[in-house]
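Enquirer: Submitted below is the structure of interest, expressed as structure tokens.
The values are calculated or read from the model by the stated rules, or taken from the named source; none is laboratory data. These figures come from a predicted structure and were not determined experimentally. Note: ideal-geometry Cβ built from the backbone for every residue, glycine included; neighbour counts use all protein chains shown.
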Amino acid sequence: MKKLVPHLRIENCKEEIEYYQRVFGGEIKNTQLADGIEMFKGHEGKYIHAELHINENCILYMADVFGDQTIQGTDILLGPDLDAEEEIEKVYNELAKDGEVKMELQDTFWGAKHAIVKDRNGISWELNYTKPS
């Protein structure tokens, strides 16, 4: 396996991908609206695909929810391994602002700063920054 690319099905995808861009940075690319596609008739204005390219190795794929019920974030933790202490603090604070802190940002026995935050969409993020030895 080369890499794992998370696919998030989420209500109000356009608004929420912009939220994640504010949290993690990066560029929104390859957006495709349902408009004009017969199988998505009645879902005009919704994204059938969008990508947030945080960097060349980290990409989130996202799409709107189309009629299915979703259960928010109960069985997934997404675990970005962050590059700097400033980055983990920024991401933690942004997610916590409208979310729910499950584990406070703290130093760990394995030499990292670590936290778990459930964001405003019910998605749980297990944040980690490994400190230099």
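Enquirer: For Lys102, are the conditions met, namely being more than 20 Å from Asn12 (Cβ to Cβ), of a type in the set (D, E, K, R), surrounded by fewer than 19 Cβ atoms within 10 Å (Cβ to Cβ) and outside the structural domain of Glu11 (by TED's automatic domain parsing)?
Expert: Values: more than 20 Å from Asn12 (Cβ to Cβ): yes; of a type in the set (D, E, K, R): yes; surrounded by fewer than 19 Cβ atoms within 10 Å (Cβ to Cβ): yes; outside the structural domain of Glu11 (by TED's automatic domain parsing): yes.
Taking the combined requirement at face value, the residue satisfies it.
Enquirer: Also: If you go through the stretch 105-125 one residue at a time, how many are farther than 21 Å from Ile10 by Cβ and of a type in the set (Val, Ile, Thr)?
Expert: Matching residues across the stretch 105-125 total 1.
Enquirer: Another question, if that's okay. What number of residues within the stretch 4-36 are in a helix (DSSP H, G or I), of a type in the set (A, V, I, L, M, F, W, C) and over 10 Å from Tyr47 (Cβ atoms)?
Expert: Summing the residues that are in a helix (DSSP H, G or I), of a type in the set (A, V, I, L, M, F, W, C) and over 10 Å from Tyr47 (Cβ atoms) in the stretch 4-36 gives 2.
Enquirer: State which residue is farthest from Leu60 (Cα to Cα) when the search covers only the stretch 81-110 and only residues that are in a loop (DSSP other than H, G, I, E, B) and modelled with pLDDT of 90 or more.
Expert: Across the stretch 81-110, the extreme among qualifying residues is Thr108.
Enquirer: Of Lys29, Lys41, which residue is modelled with pLDDT of 95 or more, over 13 Å from the mean Cα position of the chain (by Cα) and either farther than 18 Å from Asn121 by Cβ or of a type in the set (Ser, Thr, Tyr) (or both)?
Expert: The conditions single out Lys29.
Enquirer: OK, next. Can you find a residue that is under 21 Å from Cys13 (Cβ atoms), out of contact with any helix residue (DSSP H, G or I) (no Cβ under 7 Å at 6 or more places or on another chain), surrounded by 15 or more Cβ atoms within 10 Å (Cβ to Cβ) and not acidic (Asp, Glu) anywhere in the stretch 126-133?
Expert: No: the stretch 126-133 contains no residue that is under 21 Å from Cys13 (Cβ atoms), out of contact with any helix residue (DSSP H, G or I) (no Cβ under 7 Å at 6 or more places or on another chain), surrounded by 15 or more Cβ atoms within 10 Å (Cβ to Cβ) and not acidic (Asp, Glu).
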